[in-house]
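Readers should treat all values here as calculations from the given coordinates under stated rules, not as data from a laboratory. Note that the coordinates shown come from a computational prediction; the quantities given were computed from them, not determined experimentally. Methodologically, a virtual Cβ is constructed for each residue, glycine included, from the backbone with ideal geometry; neighbour enumeration extends over all protein chains shown.
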Amino acid sequence: DTSIINLSGIWVTDPCTDNEAQRGWLDLGVEFAWQKGLIDANTHRLLLGACASGRTAVGDIIRNVTVAPCRAAWRLYDLSTAGLGDAVQPAEIAGLPMYVDPLSAYGVAGGPDMQAYFNREDVRQALHAQQSPNAHYHMEINNNGYPQYRVDYTACNPAATAQTPSLLDVHRKLVAAAGGSGGARNLKRIFVSTGDIDPVVDGHGTEAAVTKLGYAVAKGQSRRPWFYNGSATPVETLASMPPGWGVSLHATAVGAQVGGFVTGYATGPAVHLLFLTVRNSGHMVPGYAPQKAMHVLRCLLGGGDLAPPLPTGWEDDAHWYQGSGGKPGGFAQWVQAAMGKRAATVDA
């Protein structure tokens, strides 16, 4: 019933989606730490081999520390991740300062006390949360600090069973309902995104989850860069914003910039399903990359593609790279068109 819920677009960012597809790509895992240069190749090899004694339900490694080389390898890993890695709910280490951003591979440590902020009475009132049964707001991972919290799907769920439903089925139902008679009648776009330096829910796993939905890549919609307008941010905003917020913002306009990569799937004419990455963003895209997020939101609700379809005729290298008759090749033409699309939106 669109009078109750009138869905136009759905954007899910950095989501827990499916245990199987995201297995091993959660919780600042070993593979993520190696790919992002946080540990060296030898430590990576040891932790995935002799120093592992199995995996948890979500793919975190069960540590083998029975021999000195493995104890050393795990300690090097913990040093690189501030003891946060490879566990849904890592044990607290007494007296250890938080010297990394737990939500971004290369983020700034520290910043405002968000938990205290959300627990302020005026903030709770502004968010209409005064009647919440949770008297205290927590920012912990997994159960969010609430013993009554229940995970209903096989998504970042270490307690999932064979009977636990999959969030992938929810996505499939939304695609099937688009254009029908219910609340999804006007649903035109479903975006699933990931920050490309998100250590909590790594993009490799999220992309695998979207692939597991079973839709083919649409014609001309293979993974390709999308652009946004890197407009100037007022100096006053830069001076007052939290340390980890808007890390790609500039006081000077820098024009069209790569925002990430996007893949489109063949889901029929009623709705478009996209998987997209957001460059230089951690676990919360709107906070780490507000300009890029605004551009994505405008495309989600206002229409238009994040990037134009790829051309056909790749087999001719001369036409693709060099062009002919004084015109640039297909490569340059496509990039010019993709960069030009961002000119239609001015991202504040």
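Any idea what diffusion coefficient the chain gets from Stokes-Einstein, in µm²/s, Kirkwood Rh on alpha carbon pairs, 37 °C, 0.692 mPa s?
Working: Rh = 22.5 Å.
Estimated via Stokes-Einstein, D reaches 146 µm²/s.
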Unmatched cysteines, the chain - criterion: no other Cβ of a Cys under 4.7 angstrom: 299
Folded to 0 to 90 degrees: helix 68-81 orientation relative to the chain principal axis, Cα: 50
The range 9-20 - phi-based ³J(HN,Hα) in whole Hz, Karplus 6.51/-1.76/1.60, Gly and Pro as x: x, 10, 10, 10, 10, 6, x, 5, 10, 7, 3, 5
Compactness index (Cα Rg / 2.2 N^0.38 Å), the range 146-209: 1.38
Normalised alpha carbon radius of gyration of the range 54-125 [divisor 2.2 N^0.38 Å]: 1.45
Amide hydrogen neighbours beyond the local backbone of residue 230, cut-off 5 Å, H modeled: 254, 255, 256, 257
Reach of residue 212 by Cα under 23 Å, taken over lysines that are not fewer than 8 positions away in the same chain: 173, 188
Helix 167-177 axis, angle to the chain major axis (alpha carbon atoms, nearest 10°): 30
Value of D in µm² per second that Stokes-Einstein yields for the range 190-328, Kirkwood Rh from Cα pairs, at 4 °C (1.567 mPa s): 78
Charge dipole (the range 167-308, unit charges on Cβ, about Cα centre) - positive-most of 263, 205, 239: 263
